[in-house]
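Engineer: Below you will find the structure I want to go over with you.
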Amino acid sequence: MNHRTSPALIGLSTLLLAACGGGAATPQRPLPSPSPKRSSVATAKCMRTTPAPGRYLPALPHWRRPPASLAALAPASCQREEHLAGGRSYRVEMPSRIDGAAIVFNVFEPTQFDCQGGHPLILQGHGFSGSRSTSAGEDPLSPIEPLVDAGYAVISIDQRGHGESGGTIRVMDPDFEGEDLVQIVDWAEANLDYLKYRDDNLLLGAVGGSYGGGFQYLLYNVDPDRRMDAMVPQITWHDLTYSLNPGNVTKNYWLAFLSVMGDTGSGGSMDPFLRSSLLDGILQNRFPDTALDFFHYHSPSYFADNERGLELYDSGNSQEYLLDPITGQLPVTSDGRYIIKTPRSMPYPVDVLMFQGMRDSLFPFNDAYDNYLAMTRAGGDVRLLTYPFSHHYLAPNVGLIQETLDSLGFYGEALPELPAEGLNVLASCGDIGINQATLAWFNDKLLGKGDADNVITTGQQICYTLSPGDSVSAPEVTVGGASFPIAYDLLGQQLPVVAPIGVLGAVPTLVPLLTVEEDAVIAGIPTAELSLSLGDAALDELCLDSSDPMAATGTCDAILFLGVGVVRGGASIPELIDEQVQPVRGLGSHRIQLTGIAERLNAGDQLVLMLYGQHPTFVGAFSRDLASQYVTVSGQVALPVLSADGQAPFTVSASN
């Protein structure tokens, strides 16, 4: 059973922006070796059902064999010709072979069985602090009804620490959540004899958003049998060190939100290490390196590039945290630790249809683009589309209000559809609806039926949502683009930009960049090469190397947030495009990618660089050094401005 904590401890931990849950046991099992590279899903053609239950189990090492499970109903069986009416769903529980924690999931059988042809398996995962689906519906993150009606078997999972599953939430830890996911697929192969195979490999797909997208990449990377064939991850991460700590600045709104909602939704099952790391990051204004290593290990980026250079059996704990003298004495935050036990795996081709929200401030477009690059390198058919739906609806701000007011026509037309369609009205890129695209994707990639491009009409191009109901496609993701100086122009002379930071920087400093003389779009990832200074090299050299950990007094700990804004023709107040900012921290030179954006521009619109000293997404994460309240900013910013149809770079006139 899942460990739950007392109401008193839950109340205490909520005050600490966390809640309670037991520590995680260390898994004891040999490290798996990857199977030989399987055939590409695009070229393999031979399909058949498994000849008997437990087809490959004799070849499994003892620690891979699924333990006994408890199912609410006896599984349907083509071999025994039992329970083949179709359309049933039932609960399954089994102990994790890692630590004995309960693993709970629901099996949804196809509406109609085809014992001759067999049925591919789709795994579905919920969002953070959520739980498995127990009834079939059409939610874009859990489209179980259209899948089972189309002949797929679906397993909806309570991830570790969520719903009825036991253990603590470790945010897609390869050694815990990863092993549980492999065990679930092992169970399916051992117990569902109606599944479909190709070249002796299970035909396997996955769907889900946010946390339910993260599990797909984790299973893809840790499964020793490399069974994943097609994925539809939505609004999920590539590297949590970027998602939660871009530019080495803590994304405090989301840290607080995840801390509270994670424990509230799971009944207090957050792992103590995760809880203490989030709390330490918020109060110290930076994450300890130990926490950043933990987040990186729990990300697709560890397997793709391992930018932090992690090695097997590296370990960490929370005993060196600033707050450990306090948090180390509390059961909800004490004894947090991890050990890296899962090696990086060789990538293999898998077909991926990914959706991301352009306004998502938790997992922005850049996360999806990095996943897109990694999965494209692996050799599969990979598509990247964006839609209006994302985490930003959980973070109300001025930008969301402005977007809603600008899109009243769209929302007015969508309102009558809301009772029946739900989130589906926000889950499309132009005319490409997520549920229709998901089904077409699986039909094409798993069954060899139809052509997904008949639904995903942008083909291999990137589909950008510019606003609800408005989209454009582009041949590729433009990173950078036309370059403009970060300076003020006065009669042909460039003057330096001085921007307030810290508590003085709530109102942005504006730097004019470009006035478009004809309709265009800005879509892609802006870049910047810039330098931050106190205005005098001698002053910069007086900055201390270290100081008090909370305020960093005298260290010149400059934090600046950069975004691209648009001043509409005739308006005087700029709009921060997609409400996206990218932090830059520290004096000196920086080369950075800004957060990806997409917006339609009309003739006469002016693009401006917006420099903030603080921003609501990073609430409380600003320069606390009272000795440094202004910085001089210089350099260049490059913008991905495209033609109005998105098909070519925008031509910047000489007057700009």
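Engineer: How high is the relative contact order of the chain? Use alpha-carbon pairs under 8 Å, at least six apart in sequence, and give a whole percent.
Structural biologist: RCO, the chain: 13 percent.
Engineer: How large is the dipole of the range 517-565 about the Cα centre if only Lys and Arg carry +1 and Asp and Glu carry -1, each at its Cβ, rounded to the nearest 20 debye?
Structural biologist: 200 debye
Engineer: On a 0 to 90° scale, report how tilted helix 365-378 is relative to the longest principal axis of the chain, with both axes built from alpha carbons and the result rounded to the nearest 10.
Structural biologist: 50 degrees
Engineer: Calculate, for the chain, the solvent-accessible area per residue in square angstrom, rolling a 1.4 angstrom probe over the heavy atoms of the protein chains.
Structural biologist: Ligands and nucleic acids excluded, the figure is 37 Å² per residue.
Engineer: Under the rule a/c < 1.5 gives rounded, and otherwise a/b versus b/c splits prolate from oblate, where does the range 319-475 land using the Cα gyration tensor?
Structural biologist: Because a/c hits 1.5 or more and a/b fails to exceed b/c, the range 319-475 counts as oblate.
Engineer: Is the range 505-620 best put as rounded, prolate or oblate by its Cα gyration tensor, with a ≥ b ≥ c the root eigenvalues, rounded for a/c under 1.5, and otherwise prolate when a/b is larger than b/c, oblate when not?
Structural biologist: prolate
Engineer: Rounded, prolate or oblate: pick one for the chain, where a ≥ b ≥ c are the square roots of the eigenvalues of its C-alpha gyration tensor, a/c under 1.5 means rounded, and failing that, prolate if a/b is larger than b/c, else oblate.
Structural biologist: Here the chain falls in the oblate category.
Engineer: For an R0 of 51 angstrom, estimate the FRET efficiency from the Cβ-Cβ distance between residue 538 and residue 407 and round to the nearest 0.05.
Structural biologist: With R0 = 51 Å, the Cβ-Cβ based efficiency is 0.50.
Engineer: Choose one of 628, 571, 594: the residue whose Cα lies farthest towards the positive end of the charge dipole of the range 520-656 (beta-carbon charges +1 Lys, Arg; -1 Asp, Glu; about the Cα centre).
Structural biologist: 571
Engineer: Taking the Cα centre of the range 505-622 as origin, work out the dipole magnitude from +1 charges on Lys and Arg Cβ and -1 charges on Asp and Glu Cβ, in debye rounded to 20.
Structural biologist: The calculated dipole for the range 505-622 is roughly 140 debye.
Engineer: Oh, and also: At 1.4 Å probe size, with the rest of the protein present, what percent of the exposed accessible area of the chain is carbon and sulfur atoms?
Structural biologist: 55 percent
Engineer: While we're here: So what's the back-of-envelope 222 nm ellipticity for the chain, counting only DSSP H runs of four-plus at -39500 (n - 2.57) apiece and dividing by all residues, rounded to 500?
Structural biologist: So the calculated ellipticity at 222 nm is -6000 deg cm²/dmol.
Engineer: In degrees from 0 to 90, rounded to the nearest 10, what is the angle of the helix 177-191 Cα long axis to the longest principal axis of the chain?
Structural biologist: It works out to around 30 degrees.
Engineer: Can you list residues whose amide H is under 5 Å from residue 642's amide H, if they're 5+ apart or on another chain and H is modeled 1.01 Å from N?
Structural biologist: 521, 522, 523, 650
Engineer: Dipole of the chain, Cα-centred, from +1 at each Lys and Arg C-beta and -1 at each Asp and Glu C-beta, to the nearest 20 debye?
Structural biologist: It works out to roughly 1560 debye.
Engineer: Going by Cα centres, the range 444-487 and the range 206-259 are how many Å apart?
Structural biologist: Their Cα centres are 21 Å away from one another.
Engineer: On to the next question. In whole angstrom, how far apart do the alpha carbon centroids of the range 572-598 and the range 287-306 sit?
Structural biologist: The range 572-598 and the range 287-306 have Cα centres separated by 23 Å.
Engineer: What is the distance in Å between the Cα centres of the range 112-164 and the range 375-389?
Structural biologist: Value for the Cα centre distance between the two parts: 21 Å.
Engineer: Please list 110-116, 361-367 highest first by mean number of surrounding beta-carbon atoms within 10 Å per residue.
Structural biologist: The peptides rank, most packed first, as 361-367, 110-116.
Engineer: Okay, moving on. Considering lysine pairs in the chain that are 8 or more places apart or on different chains, how many have Cα atoms under 20 Å apart?
Structural biologist: Step by step, the pairs that qualify in the chain add up to 8.
The values are calculated or read from the model by the stated rules, or taken from the named source; none is laboratory data. Just so it is clear, the model here is predicted, and its values are computed rather than measured. Note that we place each Cβ from the backbone using ideal geometry, even for glycine, and neighbour counts take in every protein chain shown. Calculation scope for accessible area: heavy atoms of the full protein, side chains included, ligands and nucleic acids excluded. Shrake-Rupley method; radii C 1.70, N 1.55, O 1.52, S 1.80 Å.
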